[in-house]
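Taking it in order: structure first as structure tokens, then the write-up.
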Amino acid sequence: MFAPAARRALKKNKTLRYGVPMIILIIGGSFGLREFSQIRYDAVKAKLDPEFEEKLKRNKVSLESEYEKIKDSAFDDWKNIRGPRPWEDPDLLQGRDPQTLKSRKA
């Protein structure tokens, strides 16, 4: 196909050896990324279950309605309780006596 001299010249040319594959990778990656990004937009356009859509329409919860529910709550006397780590006993951490809890369970 190619003469040996031409093939040797192509192997020595750094642009053809390294540059062209890099350009192909960049352009091919762009097309691949476009296809994967399109999946996200297609999923948004997909139809939901009709029963679920009705439930969403009936449930009229807004930020303002939730604010009205908690507006009058008193947060002055709250206590910050740290959750237990896997190796800690949750009863001791939260100030409960484990002996009292064991006697209640029995």
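Available extension along the chain between ASP91 and GLU53 is 9.4 nm, counting 0.36 nm per residue and deducting the alpha carbon span.
Between ILE26 and ASN13, full extension at 0.36 nm per residue minus the direct alpha carbon distance yields a gain of 2.7 nm.
Read-outs: derived from the displayed coordinates by stated rules, not from any lab. Quantities reported herein were computed from a predicted structural model and do not represent experimental measurements.
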